[in-house]
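A.B. asks: The structure that follows is given in the form of structure tokens.
The values are calculated or read from the model by the stated rules, or taken from the named source; none is laboratory data. Quick caveat: nothing in here was measured; it's all calculated off a predicted structure. As a convention, Cβ positions derive from the backbone with ideal geometry for all residues, glycine included, and neighbour counts pool all protein chains shown. Side chains are part of the model used for accessible areas, which takes the heavy atoms of the whole protein and leaves out ligands, DNA and RNA. Shrake-Rupley method; radii C 1.70, N 1.55, O 1.52, S 1.80 Å.
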Amino acid sequence: MEKTRKLRDGYQIPSIGFGTYPLRGEPGVAAVRRALQVGYRLVDTAFNYDNEAAVGRGIVQSGIPRGELFVASKLPGRYHERPQADHAIRESLWRMGLEYFDLYMIHWPNPSQGNFVQAWQAFLEAQEEGLIRSVGVSNFTVPQLLELERATGVLPVANQIECHPYFPQVEQLAAHAEMGIQTISWSPLGKASRPGDEPVLRVIAADRGVTPAQVVLRWQMQRDCIPIPKSGNPDRIAQNFDVFSFELTEDEVAQITALGKPDGRLFDGDPNVHEEM
Ligand code: NDP
């Protein structure tokens, strides 16, 4: 397993990242610093997490050169229209103390508002200006992705979606692969649903001498997904990055995917109806 993957636009993105919601304040700074010290190079935040400043400070305190990091953030629903979208991109950068984002995403499509194409046009201009390197989205369905392409000729290079053993997103992943879109998995461990208690994960973990969480993260990576596990605990932060020294068989990957349930979402986060401002 390589440490990085190549996006369709040519940029490299780390194979695993650090999720930061709801880390804030000093504990947030410490968690980001810890994550960067143990080897993460991708950090995921969002305007709406109210922690872009804490994440930015953690980055500075880590002492890791900016050029070695991959920083991703997201535009809130209330700023899809222009010129608010243009201002929000700049405000996000200012909060973080950065000159550019490696990846900026539309956080949720909010179809009832119908403004995500405007936001996308703002992203494409910000990219021209050098404020964003790779343009992406989060929680977009396949028809919504195609709508962006129809309107602007440009598909996102990445889509960050809910993806974990209880909601493995088989069809969406296949569509992403066809369109050259990198999947980033949010709640990659299944958060509160605790798939780690599943016997199949316990058996595989015991066999490899790792934890069920590490098995789930490895499953993500072997399905070509980039997991962004969150932890505020120094040991678990390190444990979650320690997933490069073992491998799952194809059959084991399939067994974990088979844990999927039709109603496996963590909450009612169907992007056709769920909206976040
Ligand atoms: P995760 O699947 O990352 O789970 C986080 C939970 O698991 C925390 O309670 C954490 O507790 C615990 N945990 C972490 N590591 C381990 C471990 N090794 N063993 C046991 N428990 C562990 O869910 P999140 O919802 O936090 O998702 C990750 C990230 O995805 C977010 O931080 C955010 O950046 C992003 N996200 C994006 C969304 C979007 O709409 N684009 C929506 C939701 C999330 P502890 O901290 O105590 O270790």
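A.B. asks: Which length gain, in nm to one decimal place, applies between THR152 and THR4 when the Cα-Cα distance is subtracted from 0.36 nm times their residue separation?
C.D. replies: Between THR152 and THR4, full extension yields 50.4 nm more.
A.B. asks: Please report the antiparallel percentage of the DSSP beta bridges confined to region 93-237, to the nearest 5. Write down the numbers at each step before the final one.
C.D. replies: Values: 1 of 16 bridges.
Among the beta bridges of region 93-237, antiparallel pairing accounts for roughly 5 percent.
A.B. asks: First compute the accessible area of region 1-98 with a 1.4 Å probe, then give the percent of it belonging to carbon and sulfur atoms.
C.D. replies: On region 1-98, the fraction of accessible area on carbon and sulfur atoms equals 49 percent.
A.B. asks: Taking Cα pairs under 8 Å and at least six residues apart, what relative contact order does region 161-272 come out at, in percent?
C.D. replies: Worked out over region 161-272, it gives 34 percent.
A.B. asks: So, one more: By Kyte-Doolittle mean hydropathy of at least 0.5 and Cα axial length of at least 30 Å, which whole DSSP H helices of the chain are selected?
C.D. replies: None clear 30 Å together with a mean of 0.5.
A.B. asks: DSSP beta bridges in the chain, what fraction antiparallel, as a percent rounded to 5?
C.D. replies: Numbers: 4 of 30 bridges.
Just about 15 percent of them are antiparallel.
A.B. asks: In addition: Hey, rough spin-label estimate for MET179 and ASP235, points 7 angstrom out along Cα→Cβ, what's it come to in nanometres?
C.D. replies: 4.2
A.B. asks: Also, I was wondering about something else. What Kirkwood Rh does region 223-277 have if only Cα atoms enter the pairwise 1/r average? Answer in Å. Mind showing how you got there, number by number?
C.D. replies: On the way: mean 1/r = 0.0686 Å⁻¹.
Value: 14.6 Å, from the Cα pair sum.
A.B. asks: Please give the contour-minus-distance gain from ALA254 to ALA192: 0.36 nm per residue of separation, less the Cα-Cα distance, rounded to one decimal in nm.
C.D. replies: So the chain would gain 20.1 nm between ALA254 and ALA192.
A.B. asks: Which of the peptides 237-246, 185-194, 258-267 is most tightly packed, and how do the rest follow, judged by the mean count of other Cβ atoms within 10 Å per residue?
C.D. replies: Details: 237-246: 18.1, 185-194: 20.0, 258-267: 12.7.
Taking the mean over residues of other Cβ atoms within 10 Å, the ranking is 185-194, 237-246, 258-267.
A.B. asks: Another one. Please give the per residue accessible area of region 124-277, computed with a probe of 1.4 Å over protein heavy atoms only, in Å². Please list the in-between numbers first.
C.D. replies: Details: 6870 Å² over 154 residues.
Result: 45 Å² per residue.
A.B. asks: Now, a different point. Highest first, please rank the peptides 204-216, 60-72 by the mean number of other Cβ atoms sitting within 10 Å of their residues. Intermediate results must be reported in sequence, preceding the final value.
C.D. replies: Details: 204-216: 19.2, 60-72: 14.7.
The most tightly packed comes first, giving 204-216, 60-72.
A.B. asks: Another question, then. Lys/Arg Cβ at +1, Asp/Glu Cβ at -1, dipole of region 165-277 taken about the Cα centre: which of VAL273, VAL170, GLY196 is farthest positive-ward?
C.D. replies: Ranked along the dipole, the leading option is GLY196.
A.B. asks: Out of all DSSP beta bridges in region 1-122, what portion is antiparallel? Express it as a percent rounded to 5.
C.D. replies: Within region 1-122, antiparallel bridges account for around 25 percent of the total.
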